[in-house]
Amino acid sequence: MTAPAPRLVIAAGGTGGHMFPAQALAEVMIARGWRVTLSTDSRGARYTQGFPAAVRIEEVRSATFARGGLLAKLAVPFQIMAGVLATRRAFRRDPPRVVAGFGGYPSIPALVAAWSMGLPRLIHEQNGVLGRVNEALARRVDRVACGTWPTAMPPGIEGLHIGNPVREAVAAEAGAPYAAPGDGPLNVVMIGGSQGARILSDVVPEALAGLDPSLKARLQVAHQARPEDEARVETFYRSQGITAEVAPFFHDVPARFASAQLVICRAGASTIADLTVIGRPAILIPLASALRDEQTANATGLSQCGGAIMIPESQLDADLLTSHSAEILSDPARARAMAQAAHAIGRPDAATQLADLVEELAKGQQA
């Protein structure tokens, strides 16, 4: 009887920042003949459309102290423990060779279950600062892989710089030729991330409307806005004569980045990874409400190498954003240099390196 293929359990929370690199690892491991299970919650399940069909999705019980009232917070430990016990039962039925966590509270049950059963386990931290869950579990895993370098680590914990895995759709655009701003259309992509897009919907349209008419007339904008902001943003662009597509979510972000002359965005780790693998000039506006200011840490390397301009949210206004946008869109040489600088620090092989680490841990278990 043929032995079943080895199984990897990927545990990830409910934001694109956790789920996109998890998807990238799943794609590589399936190509290598592994079975892959994604352990997440109902929020994370919303980001699974792009996962390979072969990935088994398991929703687990977990909880966070960051939401709800007193009763909800009192119930958190019991919900997490219920998730851990259910996961242990599932692991006994079909033991994974490795468990890989990508952060977020839904990753807790699988990682704690793996730790309690002595199964090989790793975490991957996307940001330049460990998230709360990854920080709590860093001493209970065999490896801590880092997407942003340097990553601030707890004392005594050593991180391995791998980079942030990118999805196949992003890898397919790696190093795509950059069309510097010229006399033709000027494609500007505005991505606000899963949090905090409202201020960008307030400022970005006004900033683009303030460009010189020779630039403004050629704009073709793709603007991600919250559903409640979508209509007003679309109306404003139309009133300014700016061609714009406004939507709460774009499923083809890699292709849009590849065709962009300029990207205006938050500084989420996955967004930075996509920008550097493809190689596009950007204006980064780190999320001010991020608990550990991780988006500033993410943006620092790209801005220091010359691939992006970073504007702290506290300094963001339409005039400043207009000025920086004009500097890039009216200077082809500078825009091209920024694209090259961004691409130079990209790590398109991050998913492969992380997959190698998974297989290394699996072999260590067999030894």
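The values are calculated or read from the model by the stated rules, or taken from the named source; none is laboratory data. Remember, it's a predicted structure, so these values are computed and weren't measured experimentally. Because the Cβ atoms are built from the backbone with ideal geometry, glycine has one as well, and the counts that use them run over all protein chains shown. Accessible surface areas use protein heavy atoms only, side chains included; no ligands, DNA or RNA. Shrake-Rupley method; radii C 1.70, N 1.55, O 1.52, S 1.80 Å.
Things to note:
- Count of residues meeting criterion [open to solvent by 20 Å² or more (accessible area, probe 1.4 Å) and closer than 20 Å to ARG121 by Cα] in the range 28-47: 6
- The set of residues in the range 210-238 that are over 17 Å from ARG198 (Cα atoms) and either assigned to a loop (DSSP other than H, G, I, E, B) or open to solvent by 80 Å² or more (accessible area, probe 1.4 Å) (or both) comprises GLY210, LEU211, ASP212, PRO213, ALA217, ARG218, GLN220, ARG238.
- VAL204 falls short on exactly one of the conditions (1) open to solvent by 10 Å² or more (accessible area, probe 1.4 Å); (2) β-branched (Val, Ile, Thr); (3) more than 24 Å from GLY50 (Cβ to Cβ), and that condition is (1).
- Under the condition of being without any contact (Cβ under 8 Å) to a residue 60 or more places away in the chain, over 21 Å from ALA3 (Cβ atoms) and out of contact with any helix residue (DSSP H, G or I) (no Cβ under 8 Å at 6 or more places or on another chain), the residues counted in the range 28-50 number 3.
- Residue among ALA86, ALA136 that alone is open to solvent by 10 Å² or more (accessible area, probe 1.4 Å) and free of Cβ contacts under 8 Å to residues at least 24 places away in the same chain: ALA136
- Residue within the range 176-191 that is in contact with an Asp or Glu (Cβ under 7 Å, 6 or more places away or on another chain) and hydrophobic (A, V, I, L, M, F, W, C) present: no
- Test: residue in the range 344-363 that is touching a residue at least 40 places away in the same chain (Cβ under 8 Å), at negative phi and basic (Lys, Arg): yes
- For the range 309-316, the count of residues that are in contact with a Gly (Cβ under 6 Å, 6 or more places away or on another chain), farther than 18 Å from LEU186 by Cβ, touching a residue at least 60 places away in the same chain (Cβ under 8 Å) and open to solvent by less than 40 Å² (accessible area, probe 1.4 Å) is zero.
- Taking the range 324-361 as the range and being surrounded by fewer than 20 Cβ atoms within 10 Å (Cβ to Cβ) and of a type in the set (Val, Ile, Thr) as the test, the residues that pass are ILE345, THR352.
- Of residues in the range 191-201 being open to solvent by 10 Å² or more (accessible area, probe 1.4 Å) and not in a helix (DSSP H, G or I), the one modelled with the lowest pLDDT: GLY196
- Subset of the range 240-268 [buried (at least 24 other Cβ atoms within 10 Å of the Cβ) and over 24 Å from LEU211 (Cβ atoms)]: GLY268
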